[in-house]
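To keep things clear, I will list the structure first and then write my remarks on it.
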Amino acid sequence: MGAVLSLAAPRSSINDYNEILQSETCKKKKLSFFDEDNSRLIPCLPDELSMHILARLPRINYCNLRLVSQKWKATLMSPQLFNLRKKLGMTEEWLYVLTKDEEEKHLWHALDPLSRKWQRLPSIPSVVFEGESRKCLWNMAGPSRGFSGASTVRNVWRFNPILNAWSEMAPMSIGRAYCKTSILNNKLYVVGGVSQGRGGLTPLQSAEVFDPQTGIWSEVPSMPCSRAHELPNAFLVDVLMPIATGMTSYMGRLCVAQSLYSWPFIVDAGGEIYDPETNSWGDMPSGMGEGWPAKQAGTKLSVVLDGNVPINESSNSESPFLLAGLHGRLHVITNDAKRNIAVLQGEPEHSLSPLPSSSTSSSDGSFDQVSDSLAESETVNWNIIAARDFGSAELVSCLVLDI
């Protein structure tokens, strides 16, 4: 009897111990489930599926979504997410506008045309001008009171919209001010401007290209500026200096509008086209880089339109308006009657067949057919798609990024 009782007690203890073990195991499983769930971007969903959800969200929401957690922030700032957006066809074109205030401070602003919301970019890092110890921003605007007040720099900064941050790149081979820049074949081209010499600032005809893959600058043949040699006498050749007043990439080439300059005079001089395949310059078709007032020399390249563009003529700005191609439409950025910066979209009444893309070239390599198509005008209605009060800021330049 005693033996039976003595054996029963340990069996009960064993059962209790087994129940405790099972309970602890269940708790651990629950804890491991919650730990695993917390490590995911979205609970109960695989991260791969969560990535597809985030990639389909409008990019304007990303700034707020980065505050959810460190993992969300890292994901929303990862190249993998933006590569997925591109693969899914979810990239968005945003308009980036550079302004300058009364204190010569430059600020970039981004516009999402779908939500019509603006975002202010981080300030451009300070740079040191050549021959000066003070730090300030590089003045990218055109000459308003002559080149005498300009300062040249070699510094180059690149803005990464994914990280929302600036990073310093390799410097240019020569210090420049008022130079023109453009992107072609994923490379940065810099043309013209002025340089600092012993006798002061001298207009440049030189050009160079930066390859972000190698981080190296390479020389490009200088602009011939052939129209500058067609002046009626040698005196004007010595007085009027050729400068690049506008540049854009088109049909796989660089179109550079040029002027002859001697403060306060500026005269249209047509333009030239650089072909990277032949590494040579050629004349721009007649009329393609001509006919713009000196005040708007920085935005000379455009299209022929029938009708008036609603631009505030009373503006004393160096660039009273800017041009940008956004969502397959021509856009004008200007100041409205209330001094707000307004973005106007052109809507053709009778759509014509679109011109070839800037990433393609014509079959015979000629711009003559393009020049003829530019002569065809169309009636355009202008609608304001976004406007914002930036105080007394003036327009400087703009560009469009598809991300």
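Each value in this text was obtained by applying a stated rule to the coordinates, not by laboratory testing. Every value quoted in this text rests on a predicted model; they were computed, and no experiment measured them. Note that each Cβ is placed from the backbone with ideal geometry, even for glycine, and that neighbours are counted across all protein chains shown.
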Taking the simple approach of a point 7 Å from Cα along Cα-to-Cβ for both L401 and L67, what is their distance in nm?
2.2 nm
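Which of the peptides 215-226, 186-197 is most tightly packed, and how do the rest follow, judged by the mean count of other Cβ atoms within 10 Å per residue?
Packing order, densest peptide first, comes out as 186-197, 215-226.
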Cα-Cα over 28 Å, subset of K73/K117; K100/K338; K71/K105; K86/K117; K117/K338; K71/K187:
K71/K105; K71/K187
Zone of E219's modelled label, taken as backbone nitrogen in region 160-189 under 15 Å from a point 7 Å along Cα→Cβ
173-175
List the residues, sorted by chain then number, that are 5 or more residues from L95 or on another chain and whose placed amide H is less than 5 Å from its amide H.
L111
